[in-house]
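Remarks on the structure that follows.
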Amino acid sequence: VEKLVFRDLRGKVLYFLNRLSKKFGIEENGYQKIDFPLTHQELANMIGATREAVSLTLQELSNEGILVTSRRMVMIHIGKAMKELA
């Protein structure tokens with residue numbers, strides 16, 4: 001809980017997706033694939049943010065190659081995510 005409370009939105013999104021990937025992820029080409037549908041609204045509700053802010057953050061992370069997203073899954077680059085979360 002402490003890690004979700006004291007991080008900025010980017011850190012919260014990365015931390016939460018990293019936790020999901022550890023629990024439900026399947027490794028694929030250096031990424032952890034979270035293969036279940038998760039809407040931006042659901043993610044926002046889980047971390048206490050607005051959907052709009054989460055959408056912008058996910059887009060930034062995607063542009064930087066940390067995430068790959070589609071309608072049904074999210075893939076997180078573990079090396080890049082861990083470097084940023086450190």
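The values are calculated or read from the model by the stated rules, or taken from the named source; none is laboratory data. Treat the numbers as computed from the prediction; the structure is a model and nothing was measured. Cβ sites come from the backbone with ideal geometry, for glycine too, and all protein chains shown count toward neighbours. For the accessible areas, the whole protein counts, side chains as well, though only heavy atoms, and no ligand, DNA or RNA atoms are used. Shrake-Rupley method; radii C 1.70, N 1.55, O 1.52, S 1.80 Å.
Where in the chain are there chymotrypsin sites (Phe, Trp or Tyr not before Pro) that are in a DSSP coil and have at most 14 other Cβ atoms within 10 angstrom of their Cβ?
Sites meeting the loop and neighbour criteria: Phe6.
Students sometimes get this wrong: rank Lys22, Lys80 by accessible area, probe 1.4 Å, all chains present, largest first.
From most accessible down to least: Lys22, Lys80.
Suppose every K and R has +1 on its Cβ and every D and E has -1 on its Cβ; what is the size of the dipole of the chain about the Cα centre, in Debye to the nearest 20?
About 160 debye.
For Rg/Rh (Cα atoms, Kirkwood Rh), one of (1) 0.97; (2) 0.92; (3) 1.05 was computed from the structure I shared and the rest are decoys. Which label?
Computed from the coordinates, Rg/Rh (Cα atoms, Kirkwood Rh) corresponds to (2).
Hey, rough spin-label estimate for Val68 and Thr50, points 7 angstrom out along Cα→Cβ, what's it come to in nanometres?
Here the answer is 3.2 nm between the modelled labels.
What net charge do the residues around Arg10 carry, taking every other residue with its C-beta under 9 Å from that of Arg10, with Lys and Arg at +1 and Asp and Glu at -1?
Net charge in that neighbourhood comes out at -1.
Can you put Met75, Met46 in order of accessible area, largest first, using a 1.4 Å probe?
Putting Met75, Met46 in descending order of accessible area: Met46, Met75.
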